Amino acid sequence: LSEESTVTPRATPEGFKLPSAFTEENICFYFSSNLYPSSVETAQRFSDLSRENNHERFVDLFRKEYKWVRDLSIELIGSVPALFVRTTQSKRKVPLPSVSGGINRIISILLAIYVYPESIILIDEIENGQYYSHMDGIWRLIFEFAEEARSQVFVTSHSKECIESLGRVAKGR
């Protein structure tokens, strides 16, 4: 962040409350363990990338870990925008949440990091919705995206496999 500041979030029955010190230049995102990200917000972030012609880099970085992804695009379901994926197994695009709720969550997290550099990302129970053998790839993506965007990522986990995976990927970083 461009200027140093101290902010103390408060946990309330309604969720995290962040003081007004967070501005457009100093953005914080919270990804709950039990709520799926909004498809509209995910589509909006991807659309922001696409309008700036930066979506190809995002897709390339994501494809490094998910080789079955050919392309991502915004399509309408009725009049609601959603992120669609074209896979190596199909010519037809499908809504990303229909492919995998876990991958949809990770893409939403990665888009928040990528679209808003120097942000703060809070992820509760990152392993939710993820198959344990995919955790190394997820950690590699988070490291790569966060380093490139100069963002801070704070993660909780109750999974031994997830923590062991973090140790493997973080080694040497």
Per residue value of the accessible surface for the chain (all protein chains in place, 1.4 Å probe), Å²: 59
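On full extension of the chain, what length is gained from Asp124 through Ser98, given 0.36 nm per residue of separation minus the C-alpha to C-alpha distance? Provide the component values of the computation, followed by the final result.
Values: separation 26, 0.36 × 26 = 9.36 nm, distance 2.22 nm.
7.1 nm is the gain from fully extending Asp124 to Ser98.
Given R₀ = 41 Å, FRET efficiency for Glu41-Arg168 by Cβ-Cβ distance, to 0.05?
Numbers: r = 31 Å, r/R0 = 0.76.
The value I calculate is 0.85.
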Rank-order 46-58, 129-141 by packing density, defined as the average count of other C-beta atoms within 10 Å over each peptide's residues, highest first. 129-141, 46-58
Using a cut-off of 17 Å between alpha-carbon atoms, which aspartates and glutamates can reach Lys171, once sequence neighbours fewer than 8 places away in the same chain are excluded? Asp136, Glu144, Glu147, Glu161
Among 104-111, 7-14, 73-80, how do they line up by average Cβ neighbours within 10 Å per residue, starting with the highest? 104-111, 73-80, 7-14
Scaled by the rule-of-thumb 2.2 N^0.38 Å, the alpha carbon Rg for segment 32-85 gives a ratio of 1.19
Just the number, please: carbon plus sulfur as a percent of the accessible area of the chain, 1.4 Å probe, no ligands or DNA/RNA counted. 50
Here are some values of Rg/Rh (Cα atoms, Kirkwood Rh): (1) 0.96; (2) 1.04; (3) 0.93. Which one was computed from this structure? (1)
So between Arg86 and His158, what do we pick up on full extension, going 0.36 nm a residue minus the alpha carbon distance? 22.7 nm
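Once you have the Cα-Cα distance between Ile77 and Thr12, take 0.36 nm times their residue separation minus that, and quote the gain in nm to one decimal.
Values: separation 65, 0.36 × 65 = 23.40 nm, distance 3.50 nm.
Result for the pair: 19.9 nm of gain on full extension.
The values are calculated or read from the model by the stated rules, or taken from the named source; none is laboratory data. This one's a predicted model, so the numbers in the text were calculated from it and none came from an experiment. Ideal geometry is used to build each Cβ from the backbone, glycine not excepted, and the neighbour counts take in all protein chains shown. Surface areas here come from the heavy atoms of the whole protein model, side chains and all, with no ligands, DNA or RNA. Shrake-Rupley method; radii C 1.70, N 1.55, O 1.52, S 1.80 Å.
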